[in-house]
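> Once you've had a glance at the structure underneath, I'll fire off some questions.
Laboratory data are not the source of any read-out in this text; all were calculated from the coordinates shown. All values reported here derive from a predicted model rather than from experimental measurement. Don't worry about glycine lacking a Cβ; one is built from the backbone with ideal geometry, like all the others, and counts go over all protein chains shown.
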Amino acid sequence: MKILVNAISARMGGIVTYTRNLARSFSERKADATIAVSSRFPADCQGVWRHWASDLRPMTRFVWEQTLWRRTVAEMKPDVLFSSANFGLLSCPVPQVLLVREGGLFDPFYLANCTPAQGMKAALQRKVRRRLILASARCSDRVVTPTAAMRDLLLRWAPDLDGKVVVNSYGTMSDSFAPSPAAMRPWRADGCLRLIYVSVYYPHKQPELVCRAVEGLRAAGMESHATITMDIRETEDFKGGNFDRLIMSQALERGQATLGRRPYESLPALYREHDVFVFPSISETFGHPMVEAMGCGLPVVVADTPVNREVCGDAALYFQPLSVDSLIQCLRRLDQDPELRAALTARGRERVVNFFTWDGHVDRMIDIMGEVAGKR
């Protein structure tokens with residue numbers, strides 16, 4: 001089966017990690033696959049086709065995809081086109097599988113809480129993007145979502161897609177993101193509760209909530225510190241990022257937080273250097289860091305959303321979204337109950353191994369592609 005992957009818009013965050021891992025897995029399986037990526041894609045990723053079109057503005061790139069890219073696809077004649085970043089070809093000349101991974105456009109909680117500060121221009125852009133994603137879905141042979149919760153959100157906007165949408169859960173490298181007893185940090189080993197939050201910045205990620213939780217714990221007499229893998233300058237790229245920037249700046253000045261991007265390869269060791277993983281994001285399609293943290297043997301405390309519930313099950317403590325008091329209560333409960341910490345850790349690792357391995361995700365995706373190619 002000849003596979004062509006369109007990941008040209010992959011520039012940052014989970015889609016870059018996903019595409020890098022996909023390229024490696026296809027290579028290991030000796031799959032006949034061509035993966036088109038951004039010209040700014042990480043240089044250490046081999047076996048990909050870096051394409052100049054990634055530098056086009058979004059709407060210009062969409063027009064390019066529907067014209068010149070369509071011609072390229074027709075000339076290459078793959079058995080299946082895998083459009084891995086929300087948008088696909090309309091009236092695709094070959095069988096097409098579309099991965100929809102942008103949940104915020106369809107999530108009423110996100111739309112109510114994160115979009116008012118972004119202005120009318122952003123509202124128009126969201127409307128256009130949503131319509132294009134739905135049009136892409138209707139023109140695809142199969143639509144894939146990473147969670148059932150994401151599928152249900154999509155079907156609320158487009159019930160006619162029922163029967164075309166399938167769920168294929170993401171997975172993590174369970175061998176790399178695994179407990180290491182010799183390297184694991186004992187709980188509050190230095191008397192400090194060390195929180196870790198791995199993510200890139202978007203307004204719905206709510207990093208300020210973690211900083212305010214640290215401040216609240218310290219005010220109550222519990223020494224605490226947060227490591228957040230975001231660059232504070234990222235907040236300048238988004239309307240609505242001012243409050244996050246203010247709170248993170250104050251946390252930095254007080255020595256209560258460490259900020260900055262970390263290489264993907266360094267993440268397993270980073271998780272093991274901390275006591276608890278915190279995930280306050282209010283809108284996800286999956287949430288890779290939750291699975292990575294559970295895989296490494298950390299207890300996790302996450303915002304109570306349908307996606308987070310689906311991913312973490314009974315292996316997490318849940319706090320009320322946007323509530324710093326609720327988050328602090330969960331952290332204090334975890335600190336006071338060693339048996340609970342041990343139970344969450346064991347359940348989390350078991351859940352990752354049983355449901356969220358990367359190889360399982362890739363195998364299912366190849367099956368989906370083969371089914372679509374065979375039917376067309």
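> Can you give the net charge of the other residues whose Cβ lies under 14 Å from the Cβ of Arg71, counting K and R as +1 and D and E as -1?
On the way: positive: Arg70, Lys77; negative: Glu65, Glu75.
That works out to 0.
> If the cut-off is a Cα-Cα distance under 13 Å, which aspartates and glutamates reach Lys77, setting aside same-chain residues fewer than 8 apart in sequence?
Straight-distance partners of Lys77: Asp32.
> Summing +1 for each Lys or Arg and -1 for each Asp or Glu, what net charge is found among the other residues whose Cβ lies under 10 Å from the Cβ of Ile282?
-2
> Roughly how tilted is helix 148-157, in degrees to the nearest 10 and between 0 and 90, from the longest Cα axis of the chain?
Approximately 60 degrees, to the nearest ten.
> Then there's this: Counting other Cβ atoms within 10 Å, which trypsin sites (Lys or Arg not before Pro) in the stretch 227-292 have at most 15 and lie in a DSSP loop? Could you put the intermediate results ahead of the total?
Working: sites: Arg233, Lys239, Arg245, Arg254, Arg261, Arg272; in loops: Lys239, Arg254, Arg261.
Sites meeting the loop and neighbour criteria: Lys239, Arg254, Arg261.
> How far is helix 14-28 tilted off the main Cα axis of the chain, in degrees rounded to 10, range 0 to 90?
Rounded to the nearest ten degrees, it is 60.
> Using only the Cα atoms of the chain, each taken as one equal point scatterer with no solvent, compute I(q) by the Debye sum, divide by I(0), and report log10 of the ratio at q = 0.11 Å⁻¹.
Treating every Cα as an identical point scatterer, log10 I(q)/I(0) equals -0.78.
> Out of Leu298, Gly119, Ala189, whose Cα points farthest toward the positive end of the dipole of the chain (charges: +1 Lys, Arg; -1 Asp, Glu; placed on Cβ)?
Gly119
> Quick one: helix 324-336 against the long Cα principal axis of the chain, what's the angle to the nearest 10°, folded into 0 to 90?
60
> Now, a different point. Please work out how much length the chain gains when fully extended from Gln125 to Cys139, using 0.36 nm per residue of separation minus the C-alpha to C-alpha distance, in nm with one decimal. The partial results should precede the final answer.
Numbers: separation 14, 0.36 × 14 = 5.04 nm, distance 2.11 nm.
Extra length available between Gln125 and Cys139 comes to 2.9 nm.
> Between Ala342 and Arg50, what is the label-point separation in nm under the 7 Å Cα-to-beta-carbon projection?
That separation, rounded to one decimal, is 5.1 nm.
> Obtain the nm distance between the two label points defined at Tyr318 and Gln118 by a simple spin-label model: each point lies 7 Å from its Cα along the Cα-to-C-beta direction.
2.5
> Once you have the Kirkwood Rh of the stretch 1-140 from its Cα pairs, apply Stokes-Einstein at 37 °C and 0.692 mPa s and quote D in µm²/s. Provide the component values of the computation, followed by the final result.
Values: Rh = 15.9 Å.
After rounding, the answer is 206 µm²/s.
> Using Cα pairs closer than 8 Å and at least 6 residues apart in sequence, work out the relative contact order for the stretch 304-376, in percent.
29
> Between beta-carbons, use under 15 Å as the cut-off and find the net charge around Thr235, counting Lys and Arg +1, Asp and Glu -1.
-1
> I would also like to ask the following. With the crude spin-label approximation of a point 7 Å out along Cα→Cβ, what separation in nm comes out for Met59 versus Asp175?
The two pseudo-label positions are separated by 4.8 nm.
> Multiply the residue separation of Lys77 and Ala189 by 0.36 nm, subtract the distance between their alpha-carbon atoms, and state the gained length in nm to one decimal.
Taking Lys77 through Ala189 to full extension adds about 34.5 nm, to one decimal.
> In a solvent-free Debye calculation with one equal scatterer on each Cα, what is log10 I(q)/I(0) for the stretch 193-355 at q = 0.08, 0.10, 0.17, 0.20 Å⁻¹, listed in the order of the q values?
Taken in order of the listed q values, log10 I(q)/I(0) reads -0.20, -0.32, -0.98, -1.39.
> Same structure again: Just from its helices, what would the mean residue ellipticity at 222 nm be for the chain, if runs of 4 or more DSSP H residues each count -39500 (n - 2.57) and the sum is divided by every residue, rounded to the nearest 500 deg cm²/dmol?
Estimated from H runs of four or more residues: -13000 deg cm²/dmol.
> Over the stretch 65-200, what portion of Cα pair distances is larger than 22 Å, expressed as a whole percent?
That fraction is 54 percent.
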